[in-house]
Each structure stands twice: as C-alpha cells, then as structure tokens.
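Data block below; observations after.
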Amino acid sequence: MGKRAPVNRKNKPIQFVKVELKKDEYGDRVPTDISIFDCWSEFFSQSLATKTSTIGTIYENTVFFNIDEHHRRRVDPSHKIIFDNERYEILDIDYRPTEHDVRITAKLVK
C-alpha cells in the first residue's frame, strides 16, 4: 500500500476579535468587535470525566481549539473567539514547543 495523505483535522473556522469602544450614530461609545484574523482550528470539548472534575472551577464548560502557530498575528489573552456564532473568552494559551500547534483553552461567554 502507498502512503496515505495526512488528514487535516483543522476543519472548524474561528475568528479572533478584540473589543473596542466606538461611537454609534448617536455619539454613544458602545463595545464593538474588531476582527483581528480568521483561521482554521481543531475543536475539542471536554470528556465526561473532565466535565465532572471541573464543576465549580474556572475550567467548568471549557473547550479547546488547536490552531497552527504560524499566523499574521500572535494570539493575545484579551482577544475573544467567535465560533459557530458564539463568543468565547480565552483562559489559557499553550504554545507547544514540540508541536506546530497552539492550544487555546476557552470558555463560552453567557
């Protein structure tokens, strides 16, 4: 058998945004999403065992995004992630030295 092509698991589009105060049509300053960049990600939710052990902690209901480390802009903890039309706040960024991925731990903003 010949070699198989690697399957790209980064198949979920995400968008990184920052929030800035902009004036609306009435002159009021309102929070506005400013797009930083879009990329493809690999998405993971928590396993049942992890969900149970994180109840009551900051990591309750967290998800994980793996992205390639080579992007125009570096990810900042103050950025927000838009995924499936929902907003996530970044809790942790793991720049993995042995891999070419960045693992982002994020939590759905309610």
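The values are calculated or read from the model by the stated rules, or taken from the named source; none is laboratory data. These figures come from a predicted structure and were not determined experimentally. A quick note on method: Cβ atoms are made from the backbone with ideal geometry, for glycine too, and the neighbour counts reach across all protein chains shown.
Annotations
- Subset of the stretch 93-110 (residues that are part of a strand (DSSP E or B) and hydrophobic (A, V, I, L, M, F, W, C)): ILE93, VAL102, ILE104, ALA106, LEU108
- Residues that are under 13 Å from VAL63 (Cβ atoms) and free of Cβ contacts under 8 Å to residues at least 24 places away in the same chain, drawn from the stretch 88-110: GLU89, ILE90, ASP92
Okay, residues lined up against (1) within 11 Å of the chain's Cα centre (by Cα); (2) under 21 Å from HIS100 (Cβ atoms); (3) of a type in the set (Phe, Trp, Tyr); (4) at pLDDT 90 or above:
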residue	(1), (2), (3), (4)
ARG4	no, yes, no, no
VAL17	yes, no, no, yes
LEU21	no, no, no, yes
ASP28	no, no, no, yes
THR32	no, no, no, yes
PHE43	yes, yes, yes, yes
SER47	no, no, no, no
THR54	no, no, no, no
GLU69	no, yes, no, no
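- When the stretch 52-92 is filtered for residues that are of a type in the set (Asp, Glu) and in a loop (DSSP other than H, G, I, E, B), the ones remaining, listed by number, are GLU60, GLU69, ASP76, ASP84.
- Positions within the stretch 75-85 being surrounded by 11 or more Cβ atoms within 10 Å (Cβ to Cβ) and free of Cβ contacts under 8 Å to residues at least 60 places away in the same chain, in sequence order: VAL75, ASP76
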